[in-house]
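Colleague: Quick one: the structure is below, and I'll ask about it shortly.
The values are calculated or read from the model by the stated rules, or taken from the named source; none is laboratory data. Remember, predicted model here, so these are calculated numbers, not experimental data. Please note: Cβ atoms are built from the backbone with ideal geometry, for glycine as well, and neighbour counts cover all protein chains shown.
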Amino acid sequence: MSFLSTVKQEVKGLSPAYFALVMATGIVSLGANMLGFPTVSEMLFWANNVVFAILLLLLLSRILFFYKRFIADLTSFKKAAGFFSLVAGTCILGVQYVQQKQSFAPASVLFWFGLGTWVLLIYAFFLMTATKSDKPSLKKGISGVWLLIVVATQSIAILGTLLTRHLPFPPEQVLFFTLSMWLLGLMLYVILITLIVYRLTFFPTTPREITPPYWVNEGAVGITALAGAFFMQHISSTTGFTGFLPFIKGISLLAWATATWWIPVIVLLEIWKYLIKKTTLKYTPKYWALVFCVGGYTVATFKLSKTLSAPYLQPIPELFIYISFAVWAIVLLGMCLGIVKAFTAGSSKSEG
């Protein structure tokens, strides 16, 4: 198989959730910026811009040259929710522009692109799931990937809040919209996590079914806590919203506590899968969801420690930032080895 043929095969089979790489790199970069690693943060910022451009080009190529495969994924119960990683990755990159560069023009472009994509995906997804005649059972149809819907919704809420005074609308209207998105994301989390816990609890679960997206059980509610922390920072300066502050504080703490509870649960499931059941550890793009969730918890805890005036929380992000760096590097190594293996195998077939 020639180099070009291998590229075509990789583009054809590109995971809809691959923008989790942008999500993960962006959130780790933000954590590095907040916790005093400016060089690492800067490197990851520019790397994320390159990765975002490459993945967007690959996605457009897939739509253009492998349209049937793209539509098949878009109408799949297992894969369709992965496309929401595009929305989340776009908005997290926008947050990087605001937080790390104070550059509001590119952040605004990314916001509108993310919001437009979210509108298209959210209604197409739920129309597909409601009207499709050939539906899988709950056991086979739902997984942690579905919670990317929540992550995408909350990422729009965060970026929109940061752009409150830089969008062509009165700040009160922007904040009303982003607060509504935050509450919508919270509602979607409650609905989806109920189904996911029901599936895990009352259906037989094999090691193969414990996949990295189950980390989004934690990550989706973690980014909800992060969005709440950003609201607390911006709401006091906007007319008519100060009454929401106690409510936002309570919900943000609830979200953070839930995210904290999920971490040991998922770690124990990973131990059961890999150490007890001896499952082989193999790279998949879905591992970037794990990286995002660890990095997101780091950033959310750091922001909450500041907005809630809770310095006793500070040791948590100071530890988790190193875990985030390590997990990001390990998954990156796995991705690079996987790419080399794919092209080496293609070259061997060509020579044979």
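Colleague: Scanning for something without any contact (Cβ under 8 Å) to a residue 24 or more places away in the chain, crowded, with 16+ Cβ neighbours inside 10 Å and either of a type outside the set (G, A, S) or touching a strand residue (DSSP E or B) at 6+ places or on another chain (Cβ under 6 Å) (or both), does the range 14-32 turn up at least one residue? Spell out the reasoning first.
Modeller: Within the range 14-32, the first condition is being without any contact (Cβ under 8 Å) to a residue 24 or more places away in the chain, and the residues that meet it are none.
Checked the range 14-32: no residue is without any contact (Cβ under 8 Å) to a residue 24 or more places away in the chain, crowded, with 16+ Cβ neighbours inside 10 Å and either of a type outside the set (G, A, S) or touching a strand residue (DSSP E or B) at 6+ places or on another chain (Cβ under 6 Å) (or both).
Colleague: While we're here: For the range 283-318, how many residues meet the condition of being within 30 Å of L55 (Cα to Cα) and without any contact (Cβ under 8 Å) to a residue 12 or more places away in the chain? First the steps, then the outcome.
Modeller: First pass over the range 283-318, keeping only residues within 30 Å of L55 (Cα to Cα): 283-303, 317.
So of that shortlist, the ones also without any contact (Cβ under 8 Å) to a residue 12 or more places away in the chain come out as none.
Number of matching residues: 0.
Residues checked against (1) modelled with pLDDT under 95; (2) of a type in the set (S, T, N, Q):
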site	(1), (2)
L162	no, no
R165	yes, no
P170	yes, no
L179	no, no
L184	no, no
L188	no, no
I191	no, no
T194	no, yes
R199	yes, no
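Colleague: Scan the range 234-286 for residues that are part of a helix (DSSP H, G or I), loosely packed, with under 15 Cβ neighbours inside 10 Å and among the hydrophobic types (A, V, I, L, M, F, W, C) and jot them down.
Modeller: L245, F247, A257, W261, V265, V267, L268, I271, W272, L275, I276
Colleague: Continuing with this model, one more query. Quick check: is even one residue across the range 76-91 modelled with pLDDT under 95, of a type in the set (S, T, Y) and surrounded by fewer than 17 Cβ atoms within 10 Å (Cβ to Cβ)?
Modeller: Yes, the range 76-91 contains at least one residue that is modelled with pLDDT under 95, of a type in the set (S, T, Y) and surrounded by fewer than 17 Cβ atoms within 10 Å (Cβ to Cβ).
Colleague: Do we find that A329 is aliphatic (A, V, I, L, M) and free of Cβ contacts under 8 Å to residues at least 24 places away in the same chain in this structure?
Modeller: Details: aliphatic (A, V, I, L, M): yes; free of Cβ contacts under 8 Å to residues at least 24 places away in the same chain: yes.
Here the answer is yes, as A329 does meet what is asked.
Colleague: Only one of (1) modelled with pLDDT under 95; (2) under 22 Å from L184 (Cβ atoms) fails for T117. Which number is that?
Modeller: (1)
Colleague: What do you reckon, is I149 surrounded by 13 or more Cβ atoms within 10 Å (Cβ to Cβ), at pLDDT 95 or above, under 26 Å from I92 (Cβ atoms) and within 19 Å of the chain's Cα centre (by Cα)?
Modeller: Numbers: surrounded by 13 or more Cβ atoms within 10 Å (Cβ to Cβ): yes; at pLDDT 95 or above: yes; under 26 Å from I92 (Cβ atoms): yes; within 19 Å of the chain's Cα centre (by Cα): yes.
Answer is yes for this residue.
Colleague: Evaluate the following for P207: is it modelled with pLDDT under 95, in contact with a Lys or Arg (Cβ under 9 Å, 6 or more places away or on another chain), buried (at least 20 other Cβ atoms within 10 Å of the Cβ) and not hydroxyl-bearing (S, T, Y)?
Modeller: Values: modelled with pLDDT under 95: yes; in contact with a Lys or Arg (Cβ under 9 Å, 6 or more places away or on another chain): yes; buried (at least 20 other Cβ atoms within 10 Å of the Cβ): no; not hydroxyl-bearing (S, T, Y): yes.
Judged against the criteria, P207 is not a match.
Colleague: Now for a separate question. Please go through the range 33-49 and give me each residue that is buried (at least 18 other Cβ atoms within 10 Å of the Cβ) and of a type in the set (S, T, N, Q), ordered by number.
Modeller: Passing the criteria: N33, S41, N48.
Colleague: Looking at F66, F52, F70, can you tell me which residue is surrounded by fewer than 21 Cβ atoms within 10 Å (Cβ to Cβ) and under 21 Å from L148 (Cα atoms)?
Modeller: None of the others qualify; the one that does is F70.
Colleague: Check the range 309-329 and report whether any residue there is surrounded by fewer than 17 Cβ atoms within 10 Å (Cβ to Cβ), of a type in the set (S, T, N, Q), out of contact with any strand residue (DSSP E or B) (no Cβ under 8 Å at 6 or more places or on another chain) and modelled with pLDDT of 95 or more.
Modeller: There is at least one residue in the range 309-329 that is surrounded by fewer than 17 Cβ atoms within 10 Å (Cβ to Cβ), of a type in the set (S, T, N, Q), out of contact with any strand residue (DSSP E or B) (no Cβ under 8 Å at 6 or more places or on another chain) and modelled with pLDDT of 95 or more.
Residues are listed down the side, and each one gets a yes or a no for (1) in contact with a helix residue (DSSP H, G or I) (Cβ under 9 Å, 6 or more places away or on another chain); (2) closer than 24 Å to F230 by Cα; (3) among the charged types (D, E, K, R):
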| residue | (1), (2), (3) |
| --- | --- |
| Q9 | yes, no, no |
| G13 | yes, no, no |
| Y18 | yes, no, no |
| M23 | yes, yes, no |
| I27 | yes, yes, no |
| G31 | yes, yes, no |
| E42 | yes, yes, yes |
| L59 | yes, no, no |
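Colleague: Another question about this same structure. If you go through the range 210-221 one residue at a time, do you hit one that is surrounded by fewer than 24 Cβ atoms within 10 Å (Cβ to Cβ), more than 19 Å from G26 (Cβ to Cβ) and in contact (Cβ under 8 Å) with a residue 12 or more places away in the chain?
Modeller: yes
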